[in-house]
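The values are calculated or read from the model by the stated rules, or taken from the named source; none is laboratory data. The structure presented is a predicted model; accordingly, all values stated were derived computationally and were not measured. All Cβ positions, even for glycine, are placed from backbone atoms using ideal geometry, and neighbour counts span all protein chains on display. Areas reflect the complete protein model, heavy atoms only, side chains present, ligands, DNA and RNA absent. Shrake-Rupley method; radii C 1.70, N 1.55, O 1.52, S 1.80 Å.
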Amino acid sequence: MHEALPNSPEKNKEFPKVSEMLTIKRDFASYDTQHSEENWNYIKMDVERIEAIENSTEKKYELVLLKQAVDRKIKAKDINTVHKKSFAAMGIAAAAPKEREIVTPDIGGAKGEILINLKNKNDFISFLENFNKEDLTVDEASFICDIAKKFAHQIKYEYALNGEDDRFMELVRGLKKIVDEYKRLGLDKYIDDLAKIAEIMSAGYLVDYVNAVNNGVFSPIGKEINASTYHRAYTPDDYTGLWQEAIFDMLDNLKNKKEAKPLYEEILQYAKDSIAYAKNDKEIKTMSEDRQAITKKSIRAVEEKLNTYL
């Protein structure tokens, strides 16, 4: 970090040292583990085990113990309390993700990775300005890049983009300067997702981009349920309907938006790659002969429609 000038605002700030950054990272990691899908699945298994207990008194006692264990999970407010001074200096705050897991009426909680909300863009920018590229340590770079990745994830999956979400508005107001600071520090390749969002926001089609992401566009081809694999999990009728909703409706919406032409081309290429994968998917051969024939027919129909956009 560089030495603050005598009269600069940051002289009065006590930004976290490397040791504090590592502690914050550890607390974030603990939260993510305790609130992960895997952890909630273990709790569900515990509930199933307890429900099989015949003795009602013992069953009730076991459920109480399990609830107490779940209630002891680290919470975002706990992390905010422990790191209050550091978070205030950086202009950020921890928060729970919007997804919830309800195991029983009494047992449940937040599900997913912890959020890092920007509370004051100027404070966070000052925090970034406090670093020099020449003496930035690996631990410091890792810490601030983790925050950038959180910001990008939250814009895509957590925030409302209608202008009424203060968390989103505070972030986008400072986004260009924040990305510029990461670039100054030579961290461009580690924050490519956030940098892309900043470019798209400047071009004026951020909402369209986020809608595409949430429709499964750009998810890994052949590895998740998306346009490339709909034929595996859905009936032929559903297959064409899902393509219409996920791909064709978006292309129709974007085709007359000049500012969104890069997104239109990106979705179109993704669609071409997805249909090419579907046509040659080896899993089709594991289906019954009738299902194979219907599936191949559906894929051809979707391909024919896709060709009208080329």
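Taking the Kirkwood radius as Rh and the Cα radius of gyration as Rg, region 54-175 has a ratio of Rg/Rh equal to 1.12.
Just tell me, in residue order, which DSSP H segments of the chain are both 15 angstrom or longer along the helix axis (alpha-carbon based) and at least -0.5 in mean Kyte-Doolittle hydropathy. Mind showing how you got there, number by number?
Values: long enough: 18-34 (24 Å, -0.45); 37-51 (21 Å, -1.33); 56-71 (22 Å, -0.43); 138-157 (28 Å, 0.01); 166-184 (27 Å, -0.83); 192-203 (16 Å, 0.41); 261-279 (27 Å, -0.53); 289-307 (27 Å, -1.19).
Correct list, ordered by number: 18-34, 56-71, 138-157, 192-203.
With the simple spin-label model, which puts each label point 7 Å out from Cα in the Cβ direction, the V138 to S19 separation comes to 2.0 nm.
Counting protein heavy atoms only, region 192-283 has 47 percent of its accessible area on carbon and sulfur, 1.4 angstrom probe.
Per q in 0.15 1/Å, what log10 I(q)/I(0) does a Debye calculation on the alpha-carbon atoms of region 35-109 return? Relative scattering, expressed as log10 I(q)/I(0), comes to -0.62.
Return the single residue from L194, L115, L22 with maximal mean-square fluctuation; model: Gaussian network over the chain, springs between Cα atoms under 10 Å. With Cα springs under 10 Å in the chain, the top fluctuation among L194, L115, L22 is at L22. A helix-only calculation puts the chain at -19000 deg cm²/dmol for mean residue ellipticity at 222 nm, using -39500 (n - 2.57) for each DSSP H run of at least four residues, averaged over all residues.
What pairs in K189/K255; K59/K111; K177/K257; K13/K84; K196/K282; K196/K255 have C-alpha atoms more than 23 Å from each other? Cα-Cα > 23 Å for K189/K255; K59/K111; K177/K257; K196/K282; rest within.
Just checking the listed ones, V207, V70, V172: in the Gaussian network model of the chain with Cα springs under 10 Å, the one fluctuating most is V70. Per the Debye calculation on region 214-296 with a single equal scatterer at every Cα and no solvent contribution, log₁₀ I(q)/I(0) for q = 0.24, 0.25 Å⁻¹ amounts to -1.16, -1.23.
The C-alpha radius of gyration of region 146-294, expressed as a fraction of 2.2 N^0.38 Å, stands at 1.23. Placing unit charges on the Cβ atoms only, positive for Lys and Arg and negative for Asp and Glu, gives region 217-310 a dipole magnitude near 260 debye about its Cα centre.
Listed by chain and number, the aspartates and glutamates whose alpha-carbon sits under 14 Å from that of K279, ignoring those within fewer than 8 places in the same chain, are E303, E304. A simple charge model with +1 on the Cβ of Lys and Arg, -1 on the Cβ of Asp and Glu and nothing else charged puts the dipole of region 125-217 at about 200 debye relative to its Cα centre. Over the chain, Cα pairs under 8 Å with separation of 6+ residues give a relative contact order of 13 percent.
For the chain, just say rounded, prolate or oblate: build the C-alpha gyration tensor, square-root its eigenvalues into a ≥ b ≥ c, call rounded for a/c under 1.5, and beyond that prolate if a/b exceeds b/c, oblate if not. Intermediate values should be presented prior to the final figure.
Values: a/c = 2.62, a/b = 1.21, b/c = 2.16.
Oblate is the answer for the chain, as a/c is 1.5 or above yet b/c matches or exceeds a/b.
Using the Cα gyration tensor of region 69-111, with a ≥ b ≥ c the square roots of its eigenvalues, what is the shape: rounded (a/c below 1.5), prolate (a/b larger than b/c) or oblate (neither)?
On the way: a/c = 5.80, a/b = 2.30, b/c = 2.52.
In terms of gyration-tensor shape, oblate.
About the centre of its Cα atoms, the chain shows a dipole size close to 320 debye [charges on the beta carbon of Lys, Arg (+1) and Asp, Glu (-1) only; nearest 20 debye].
When the Gaussian network model of the chain links Cα atoms closer than 10 Å, the mean-square fluctuations of D208, D165, D193 top out at D165.
Here region 1-148 has 50 percent of its accessible surface on carbon and sulfur atoms, given a 1.4 Å probe and all protein chains in place.
Using bins of 5 Å that start at zero, the share of Cα-Cα pairs per bin across region 123-205 amounts to 3, 14, 27, 26, 16, 9, 4, 1, 0, in whole %.
A 1.4 Å probe run over the chain, with the rest of the protein chains in place, finds 55 Å² accessible per residue. Count Lys and Arg as plus one, Asp and Glu as minus one, and take only other residues whose Cβ is under 12 Å from that of Y264; the net charge is then -1.
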